[in-house]
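The values are calculated or read from the model by the stated rules, or taken from the named source; none is laboratory data. None of these values were measured; they are calculated from a predicted model. Ideal geometry is used to build each Cβ from the backbone, glycine not excepted, and the neighbour counts take in all protein chains shown.
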Amino acid sequence: MTLNTLETIAFLMMGGALLLGLLRLILGPHSPDRIVAADTLAVIATAGLAGIAAWFGSDFYLDVALIYGVLSFVGVVAIARAIEGNRA
């Protein structure tokens, strides 16, 4: 299983996006910046799992990506609501 040029570029770009997201997560000046960075990292990880599923030709990774995407969405919404507090 070798990667062609486009797949290699796509994985390198996802790696770069992960690094930039981690940088924003660590250095974010405010809590909303960190929440958005965490959500972005979750989306990138879900896309990476879907890419791995396509690469290996396995449906199992798609199931994992679906469950991870739903759980990360619920987690980010819960964190955002907790930080928001009683402002609503």
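Is it the case that Ile67 is surrounded by 15 or more Cβ atoms within 10 Å (Cβ to Cβ) and free of Cβ contacts under 8 Å to residues at least 40 places away in the same chain? So Ile67 fails the test. Just one of the numbered conditions (1) assigned to a helix (DSSP H, G or I); (2) out of contact with any Gly (no Cβ under 8 Å at 6 or more places or on another chain); (3) touching a residue at least 12 places away in the same chain (Cβ under 8 Å) is not true of Leu3: (1). In the stretch 28-61, the qualifying residues are those that are without any contact (Cβ under 8 Å) to a residue 12 or more places away in the chain and in contact with a Lys or Arg (Cβ under 9 Å, 6 or more places away or on another chain), and the one that is surrounded by the most Cβ atoms within 10 Å (Cβ to Cβ) is Arg34.
I'd like to verify a number: residues in the stretch 11-32 that are part of a helix (DSSP H, G or I) and at pLDDT below 90, how many? Full working, then the answer.
Within the stretch 11-32, the first condition is being part of a helix (DSSP H, G or I), and the residues that meet it are 11-27, 31-32.
With at pLDDT below 90 added as a condition, the list becomes 11, 31-32.
The qualifying residues number 3.
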